[in-house]
Amino acid sequence: MAGQSYSSRQDTYLKNQERGSQDLQQKGQEAIQNFKHFLHRKTPSSSNLVAFLTVFPLGAFLLGLSVLSFIGSVIGLAVTTPLFILFSPVIIPAILTIGLANLGFLASGAFGITALSAFSWIINFFRGFRVGGTGTDMEHVSRWAYEKAGDMGQRVKEMGQEITGKARESVRNDG
C-alpha cells in the first residue's frame with residue numbers, strides 16, 4: 001500500500017510537472033509573439049533611419065571637435081602663461097594670449113553646444129516630439145495650402161475690382 005501511494009504521488013507529481021511545463025512553454029511563446037509585435041511596431045521608418053545616420057555622426061564629430069578645441073585651448077594657455085609672465089613688460093603678447101585663449105574657449109563652447117543640440121534633437125525626434133508643435137503632417141499642410149489659395153483668390157478678385165473701378169473713374173474724368 002505504501003508503494004502504491006508513493007507511485008500515485010509520483011504520477012501526480014509528473015502530471016503536474018508536465019502540465020506546468022506546457023503552461024510555461026505556452027507563456028514563453030506568447031511572450032515571444034508579444035516581443036516580435038513590439039519590435040515590429042517600434043521599428044524606425046526609413047526616413048528616421050536616414051535622419052539618424054546623417055545627424056548622429058555630425059553631432060559626434062562636433063562633440064569631438066569641441067573636446068579637441070578645449071584641450072588645445074588648455075594646452076595653449078598652459079604654454080603661453082609662462083611666456084606671458086616672462087615677457088610681461090610687452091603688452092602685445094599679453095593681448096594675443098588672452099585673445100587666443102578666449103577664442104579657443106568660445107569655439108570649444110560653441111562646438112559643444114552644437115553637438116549637444118544635435119543629440120537632443122535626435123533623441124526628441126526618435127521619441128516623437130516635434131519642436132514648435134506646428135504639425136507638419138500632410139493633412140495640415142494641404143489644409144493650409146487650400147486656405148492660402150482661397151485667400152489669394154479673394155485678394156486677386158478684390159484687386160481686379162479695384163483696378164476696374166479706377167479704370168472706369170479715369171475714363172469718366174477724361175471723357
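Where a number appears in this text, it was derived from the coordinates with a stated rule and is not lab data. Please read all numbers here as calculations on a predicted model, not as lab measurements. Cβ placement follows ideal geometry from the backbone for every residue including glycine, while neighbour counts extend to all protein chains displayed.
At a glance:
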quantity: Using a Förster distance of 30 Å, the FRET efficiency for Leu77-Thr54 (Cβ separation, nearest 0.05); calculated: 0.30
quantity: Listed peptides 70-79, 24-33 by packing density, highest first (mean Cβ within 10 Å); calculated: 70-79, 24-33
quantity: Normalised per residue, the volume of the convex hull around the Cα set of region 134-175 (Å³); calculated: 43 Å³
quantity: Extension gain from Tyr146 to Asn34, taking 0.36 nm per residue of separation minus the Cα-Cα distance; calculated: 36.0 nm
quantity: Two-site label geometry, Ser46 and Met159: point separation in nm, points 7 Å out along Cα→Cβ; calculated: 4.1 nm
